[in-house]
Each structure stands twice: as C-alpha cells, then as structure tokens.
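Asks: Take this structure, written in structure tokens, and hold onto it; I'll ask about it next.
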C-alpha cells in the first residue's frame, strides 16, 4: 500500500519569514522590471513614430492608472537596487548573523519606501 508523499513546504503549517518574503519580493520586482521595460520600449517607439502617437502615449502615461504603474515601477527599481546592495554585502561575506540579516531586511524595505517617496515628491514639486 502506498501513501501519498507529503508536499514540501506544507503551506498550512508554514509561517513566512522576513527573509523568504524579501527573496520572493526580489524575484517579483525583477520580473516586474522586465515587464516595465516593454512599456518603456513602447513609449520610446511612440516618440519615434511622431508627435500624434507620442501625445497618445503621454496621455496613457499621465493618466491615473499610468501614474500608478510608474509609481510601482519606481518602487520595483529602488527595492531591487537596495536588495541587490544587500546581496553584494552578503557576497563580501559580511552581515550573516541572524540579527544583521533581519536588520538589513528592514533597512531595505524602509530605504526603498523612503527613496521612492522622496523621488516622487521631488518630481511632483
């Protein structure tokens, strides 16, 4: 008689930790940046296609939905950058103590939010 194999990790018993959430966020922001690159390419192509096409593209970018996407793109870039710096620090064999790992994780979260907010405030003012 064969029993079904357990699934790993058992999601009903698994409690996400900061490190796993940060890892997932880093991968998710990387995928998002790849998708945002297509939007940037489309915007550049609209600029090359002429003023009428570029005005239409600008209307989309400057709409509320377009600004939300731009904000998400800015947050993704800065989160990926800050978390990448954290990984470079790890690559230099530093900050591997559990306390440093969690402190660095929170620094990445706070820094990416502050940098995104500061950049948007600077652009809007």
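Asks: For the chain, what does the relative contact order come out to in percent, with C-alpha contacts under 8 Å and a separation of six or more?
Replies: 28 percent
Asks: Under a point spin-label approximation (7 Å from Cα along Cα-to-Cβ), what is the residue 24-residue 58 distance to one decimal in nm?
Replies: It is 4.1 nm.
Asks: If I fit a long axis through the Cα atoms of helix 51-61 and take the longest principal axis of the Cα atoms of the chain, what angle between them do I get, 0 to 90°, rounded to 10?
Replies: Between the helix axis and the principal axis of the chain, the angle is about 40 degrees.
Asks: Still on this structure, please answer the following. At 20 °C and 1.002 mPa s, what whole-number value in µm²/s does Stokes-Einstein give for the translational diffusion of the chain, with Rh from the Kirkwood sum over Cα pairs?
Replies: 123 µm²/s
Asks: I would also like to ask the following. Order 24-33, 46-55 from most to least packed using the mean count of other Cβ atoms within 10 Å.
Replies: The densest-packed peptide leads the list: 24-33, 46-55.
Asks: Once label points are set 7 Å from the Cα along Cα→Cβ at both residue 13 and residue 122, what is their separation, rounded to one decimal in nm?
Replies: 4.9 nm
Bear in mind that the values in this text are calculations on the coordinates, not laboratory data. Remember, predicted model here, so these are calculated numbers, not experimental data. For neighbour counting, all protein chains shown are included, and Cβ atoms are generated from backbone atoms with ideal geometry for every residue, glycine included.
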